[in-house]
Amino acid sequence: MSYPSTIQAITISKTGGPEVIEKREIPFPKVAPDHLVVKVQYLGINFIDTYYREGIYPASGFPFVIGKEASGVVVALPTDESVLNDPDYKKCGYKQGSRVALDYLGSHAEYVSAPWKTVYVIPESVSTLTAVSALVQGLTAISFMEEAYNVQKDDVILIHTVAGGLGLLMTQLAKSRGAIVIGTTSTPEKASLAKANGADHVILYKNEDTVARVLELTNGEGVHAIFDGVGKDTFESDLIMIKRKGTIVSVGNASGPVPPFPPIRLQKKNAKLLRPTMNNYTYTPAEVLYYGNALFSLLADGTLKTRIFKEYPFTTEGVRQAQVDLTSGKTTGKLVVKVSD
């Protein structure tokens, strides 16, 4: 098919605050032989967008197209015969016109050319909007709770923070596995939302002593695992709240990266510490297919339910506001941007 020579994309020309975000015209992306081309309908807003914008994660060059999550429709398939004949490729069921969600850096644009193994076919039972609201966070929740720490029945799990998009999905997933969930959040309204999604105990960290409350709830033993999306501000307390032989999973850097520390500090409780990234769990085509099927099955049967906080316009101001809202600590659930019908 013929493509437009230029497209609109959300970019940064330098690192900094939300003011460096700019929607601009860029050339149509280069289409590699192993790529699918997707016409984008929705963008998912994630903390990783802010990490690139702030320079916590390095951009490959400027102007840099931000964003790692989108959904839309396949308009072109790979041209590489070895790809088209690959058994794993065939299992995915890509077709022109397929509704898909993609996990690919640089996806906040009208069209995206992406490697096929980063693109997930959306089943009939799941909407394109639901898919973009769940893809990155849902894959993260499932892979982390299976591989970083395999959550089991009667485990006591602590989630920082519990009322965001990832926290709510982790809560639902942990409860479906029979775990007891303790969560932290900032307001009574968020606490109510977390409890409605299955959290057993919610601690208002601005008003309560989180460490004291967790130790009280666990008879002084601590929790089996901590999934911590906050980072710098909560890490020291994690070392106190973790159970002997427990696992701390550092999920994100909402308050900044965890400072360097001597590993010998883990010796006190024989604790494990991981800082995984979802893309190293969804690395091979087989893993992509496995976790994609798992996510969409859990969405289809209602085990996982997404909550969309707000839909923003595909404008400079819209994406700036979405990132401001995301980092304000005032949102619950998922923030999305609508690009096209």
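Residues whose amide H falls under 5 Å from that of I7, counting only those 5 or more places apart or on a different chain, are I26, F28, with hydrogens built in the peptide plane. Taking the C-alpha atoms only, the angle from helix 128-143 to the longest principal axis of the chain is near 50 degrees.
Descending by average beta-carbon neighbour count within 10 Å, the peptides 210-219, 315-324 line up as 315-324, 210-219, the highest first. Cross-linked pairs K23/K206; K95/K334; K190/K310: Cα-Cα separations exceed 26 Å for K23/K206; K95/K334. Using the average count of surrounding beta-carbon atoms within 10 Å as a protection proxy, the listed peptides 5-15, 57-67 rank, highest first, as 5-15, 57-67.
Enter the angle in degrees (range 0 to 90, nearest 10) between the Cα long axis of helix 316-327 and the first principal axis of the Cα atoms of the chain, meaning the one along which they spread out most. It works out to around 20 degrees. Given a 1.4 Å probe and every protein chain left where it sits, what share in percent of the accessible area of the chain is carbon and sulfur? The computed percentage sits at 52.
Would you please classify the overall shape of segment 234-322 from the alpha carbon gyration tensor, given that a ≥ b ≥ c denote the square roots of the eigenvalues, rounded means a/c under 1.5, and beyond that prolate means a/b larger than b/c while oblate covers the rest? Since a/c reaches 1.5 but b/c is at least a/b, the shape of segment 234-322 is classed as oblate. Under a 5 Å amide H cut-off, with hydrogens placed 1.01 Å from N, T161 pairs with G229, V230 among residues at least 5 apart or on other chains. Within the chain, antiparallel bridges make up roughly 55 percent of the DSSP beta bridges whose residues both belong there. Per residue, the accessible area of the chain comes to 43 Å² when a 1.4 Å probe rolls over the protein heavy atoms. Between their Cα atoms, which of K243/K269; K195/K272; K91/K117 are more than 19 Å away from each other? Listed pairs above 19 Å: K195/K272. Close amide H contacts of I203 (hydrogens built in the peptide plane, cut-off under 5 Å, sequence separation of 5 or more or a different chain): G183, T184, T185. Computed from Cα atoms, the angle from the helix 285-300 axis to the main principal axis of the chain rounds to 70 degrees.
For the peptides 304-310, 103-109, the ranking by packing is 103-109, 304-310, with the highest mean count of neighbouring Cβ atoms within 10 Å listed first.
The values are calculated or read from the model by the stated rules, or taken from the named source; none is laboratory data. Remember, predicted model here, so these are calculated numbers, not experimental data. Because the Cβ atoms are built from the backbone with ideal geometry, glycine has one as well, and the counts that use them run over all protein chains shown. Please note that ligands, DNA and RNA were not included when accessible areas were found on the heavy atoms of the full protein model with its side chains. Shrake-Rupley method; radii C 1.70, N 1.55, O 1.52, S 1.80 Å.
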